[in-house]
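Enquirer: First the structure, then my questions, so here it is.
The values are calculated or read from the model by the stated rules, or taken from the named source; none is laboratory data. Treat the numbers as computed from the prediction; the structure is a model and nothing was measured. Please note: Cβ atoms are built from the backbone with ideal geometry, for glycine as well, and neighbour counts cover all protein chains shown. Quick note on the areas: whole protein, heavy atoms, side chains included, nothing else; ligands and nucleic acids left out. Shrake-Rupley method; radii C 1.70, N 1.55, O 1.52, S 1.80 Å.
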Amino acid sequence: ALVAMVLPRLLLAAAAASSLLAERASAKDAFVFLGATGDNALRPNGVWRGVFEAFASGTFDKVGGVDIHVAMNTPHTADELHTKVLSSLAPFYDGLKETRGWKCNTKEGNCTPARFMQDISVNIWPGRDAGAQAANMTPSLAPYERVTVYLSVPPFVFGSWSKAAIDHWGEGAKHRVHVACEKPFGAGLADADVLHEGIIGAGVPEANLHIVDHWLSFFMNRNLMKLRALVEPRLLAGGHLRWGAEAVEKVVVTEFETRGLNGRGGFFDGVGQVRDMVQSHLLQVLALALAPTDATDVTAAKLAVLNRTNVSACKLGQYDGFLLEPKLKYHPAFADATLSEVMLTVDSDEWRGVPIVIATGKDMGAQLYTVDFYQKGGQGVLTFEIGKEETGLGGVRVKDWPLLDSSPFDAPAPGFGSQGSVRMTPEVHAGTGYILNYSDPSLYFPKPYALMASSLLTRDYGAAFVSYPECRSSWIIVTASSPDVCLDPPPGQVKVYKPPDACGHGAPSVCWQSTTVEDVYNNTFKCTPEHDKLYANVSLYHYKCKPPPSGLTIVV
């Protein structure tokens, strides 16, 4: 029977299917959301805010309408979902209304969170049987041309939910089911292969699998190849040099965060910075920074770069105090690096012999998202500021690298879809300044998850998603000759650092200590009666010195 608990037209189906839900479907597309009450769904600039911002942009109307179907399990409730989602969306909507350049673009002209939630149906199922819940939802999903299943859930259920979706909603040769999965996709190469096989083996066509990388939806990354095509010719000496090894001495991709984990250490345990950022995001940025700008198939061009990329070394660190984070386990064989400098080579005609570095870290005293090209045979540096939505900086600047052409030009404009162009005039004097700068406060930059959601719903899959061959190639790169090199380094090879202000350095130059993580394991967290009291509320110490019986978890 239909459980008729209504929250402003928010419908709940809990035990059996209902024709009432099928009758109300007038939209062409269904967006089936799993993990709708999780951290990634509800966090600032997470999935819910992204889907809402896409709705407000008119994306739902452009594709003939989208209905959202949330699949949850007991003990979650519709009231809980309603409260949590509105609590996330209300302040975000208030901020949008104050944003210059933003406007409501729905056909109705109503972009309130309450209106957005009117077209959300909730199915709450007792237990965790994906097949049974999918069967229960089948009548409600029957009218749609396409069903997009968004898996913001633990990866071990990717396969079972993919199979349930194909079995009950796929409609055979119509292949109307698409599956979107959050990254990181797997914990390593073998694990990723198992996940992929579970999804493809369930019957999902390769073209219908979309691996989410929200970094691809940062405006500067999304347009990086177009921006490079505008800028690079203005720096080459009358066309006598080719962009690549002939003109560039070194390439550095940087992602630094001001803060540490701040209580979120549990999700980082056993992950480390190379998995969290390099494999998941920054290798994609590198591929966009090195691929030929005239490539017509961007996915293939990125894959060609990745397939020729190899690790030569990794320098790794862990910030002082990380091991006091809650929900950390003790693993004596490896350390979770929070700072990594990955040295790479690309064995292609264009980039052979050019040192390449991906530097990424937490508790760095500065927030910095950049791609730097260092001039060969000169002092010049070309910098792409790629994190406008996070750092507030978006532009392309040079230092000590004179322009050969300072004439105005048209650059891509921010927004949803094809938003035209914006006129830019270089402000470069004596080789230093901005070639283009997106500092105009009237420009509206949608959040990355909003552009990702819009791309998913408008079927623009190439721009915001990673193919599995790209994902697999990235795992091969970071695995290097052994996981010990970058992914799971021995504790004795990971040095401890403090933020720059601890020793009077300017950010992001951290303060390296003489100790390693192995020293901290052996000395700071040595098992003693005194430490039993001092670290009574430290999870890692408990796992090291007072490990729980098998199957039990320490929560401190």
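Enquirer: Give me the distance between the Cα centres of the stretch 470-524 and the stretch 176-212, rounded to whole Å.
Expert: Taking the Cα centre of the stretch 176-212 as reference, the centre of the stretch 470-524 is 30 Å away.
Enquirer: Additional query: Students often forget the sequence filter, so: which lysines lie under 27 Å Cα-Cα from K103 once same-chain residues fewer than 8 apart are removed?
Expert: The qualifying lysines are K28, K62, K84, K226, K388, K447.
Enquirer: If pairing requires two Cys Cβ atoms under 4.7 Å apart, which cysteines of the chain are left without a partner?
Expert: Result for the chain is C181, C471, no neighbouring Cys Cβ within the cutoff.
Enquirer: Normalising by the residue count of the stretch 289-348, find the relative contact order in percent from Cα pairs under 8 Å and 6+ residues apart.
Expert: The normalised contact order for the stretch 289-348 reaches 45 percent.
Enquirer: Rounded to the nearest 20 debye, what is the charge dipole size of the chain about its Cα centre when +1 sits on each Lys and Arg Cβ and -1 on each Asp and Glu Cβ?
Expert: Charge dipole, the chain, about its Cα centre: 560 debye, nearest 20.
Enquirer: Let me ask something else about it. In whole percent, and with a 1.4 Å probe on the protein chains, what portion of the accessible area of the stretch 403-556 is carbon and sulfur?
Expert: 51 percent
Enquirer: Within the set of other residues whose C-beta is less than 9 Å from the C-beta of I211, count the net charge using Lys and Arg as +1 and Asp and Glu as -1.
Expert: For residues surrounding I211, the net value is -2.
Enquirer: Per-residue HN-Hα couplings for the stretch 429-443, Karplus 6.51 cos²θ - 1.76 cosθ + 1.60 at θ = phi - 60°, whole Hz, x for Gly and Pro?
Expert: The phi angles translate into 10, 6, x, 10, x, 8, 6, 8, 8, 8, 9, 4, x, 7, 7 Hz.
Enquirer: Taking Cα centroids, how far is the stretch 312-373 from the stretch 97-168 in Å?
Expert: 36 Å
Enquirer: Suppose a student asked you for the relative contact order of the stretch 73-137, using Cα pairs under 8 Å spaced at least 6 residues apart; what percent would you report?
Expert: For the stretch 73-137, the relative contact order is 51 percent.
Enquirer: Estimate the FRET efficiency between E390 and D61 by the formula 1/(1 + (r/R0)^6), using the beta-carbon distance for r and 35 Å for R0, to the nearest 0.05.
Expert: That gives a FRET efficiency of 0.75.
Enquirer: Turning to a different aspect of this structure: Return the aspartates and glutamates within reach of K376: Cα separation strictly under 13 angstrom, same-chain partners fewer than 8 residues apart disregarded; answer none if there are no such residues.
Expert: E246, E249, D400
Enquirer: Within a Cβ distance under 12 Å of P483, other residues only, what is the Lys/Arg minus Asp/Glu net charge?
Expert: Local net charge: -2.
Enquirer: Same structure again: Reachable lysines from K498, Cα under 21 Å, same-chain residues fewer than 8 places away excluded?
Expert: K315, K362
Enquirer: Sticking with this one: Name the residue farthest towards the positive end of the dipole of the chain from the options H281, L457, G244, assuming +1 on Cβ of Lys and Arg, -1 on Cβ of Asp and Glu, about the Cα centre.
Expert: L457
Enquirer: Can you give the convex hull volume per residue for the Cα atoms of the stretch 202-355, as a whole number of Å³?
Expert: 168 Å³
Enquirer: Related question: If packing is taken as the average count of other Cβ atoms within 10 Å, what order do 218-226, 460-468 fall into, highest mean first?
Expert: So the peptides 218-226, 460-468, ranked by packing, come out 218-226, 460-468.
Enquirer: For the ranges 101-107, 80-86, what's the packing order if you count other beta-carbon atoms within 10 Å of each residue, average per peptide, and put the highest first?
Expert: Going by the mean number of other Cβ atoms within 10 Å, highest first, we get 80-86, 101-107.
Enquirer: Something else: Pull out the extension gain between R43 and E98, defined as 0.36 nm times the separation in residues minus the alpha carbon to alpha carbon distance; nm, one decimal.
Expert: Result for the pair: 17.8 nm of gain on full extension.
Enquirer: Here are labelled values, (i) 163; (ii) 144; (iii) 253, and one is the computed volume of the Cα convex hull per residue in Å³ for what I pasted. Which one?
Expert: The value matching this structure is (i).
Enquirer: Fully extended, how many nm does the chain gain between D347 and E518 (0.36 nm per residue separation, minus their Cα-Cα distance)?
Expert: Contour length minus Cα-Cα distance gives 58.0 nm.
Enquirer: By the scheme Lys and Arg +1, Asp and Glu -1, what is the net charge of all other residues having a beta-carbon under 9 Å from that of K447?
Expert: -1
Enquirer: Calculate the dipole size of the stretch 264-400 relative to its Cα centre from +1 charges on Lys and Arg beta carbons and -1 charges on Asp and Glu beta carbons; express the result in debye to the nearest 20.
Expert: Roughly 140 debye for the stretch 264-400.
Enquirer: How much accessible area per residue does the chain have, counting only protein heavy atoms and a probe of 1.4 Å, in square angstrom?
Expert: 41 Å²
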